[in-house]
Amino acid sequence: MDPPMSRLMTRLISVLALACLVATGGCTQSRSGDHHAASGASGATAQSSPDSPAQATDLDREKAEFSRKAQEELDQLDRQIEELKKQAKTASAKSQRQLNRSIAQLEPKRRRAAKKLEELKSSSGKAWEDVKAGVTAAIDDLSTAYNRAASRFKKT
């Protein structure tokens, strides 16, 4: 696997691993909150409530971290697409047309990923968890399309 592809795959795996960690962490917090609520312990504090400020802060941190990583991934893909555009200019006329078509197909995917990321950033509370899957899917779709376009360039 060539170095740019390897870096891309590493980043993709990192984003997916982060998504899994965040999802798992959210489930653990919900269960512990449910446990305290179900136990009916009279000594329960505000932290045992699923909507407590401490859990909201944890959720905000998780959301911010996921959002930052997703933005980094999108920025990296933007740089790679720009590099591919530069490389396409040096290709033969036939290859250049094919590559330009492939690159043009990346634009709507890039816009979709950016839109999903903005939805994530503007989501509140636990609703961001629902949007998170859409962000991951949109970035994965863009990454896959980029990889196809890049592999076409390498074949020329």
Output the pairs from K85/K154; K109/K154; K116/K154 with a Cα-Cα distance over 19 Å in this structure; if there are none, say none. K109/K154; K116/K154
Additional length obtainable on full extension of the chain from D130 to D78, 0.36 nm per residue less Cα span: 16.2 nm
Using label points projected 7 Å from each Cα along Cα→Cβ, tell me how many nm separate A91 and Q105, to one decimal. 1.1
Taking Lys and Arg as +1 and Asp and Glu as -1, residues besides P108 with C-beta under 11 Å from its C-beta add up to +3
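Values in this text are rule-based calculations from the coordinates and carry no lab data. Please read these numbers as outputs of a predicted model, since none were measured by experiment. With ideal geometry, Cβ positions are generated from the backbone for all residues, glycine too; neighbour counts draw on all protein chains shown.
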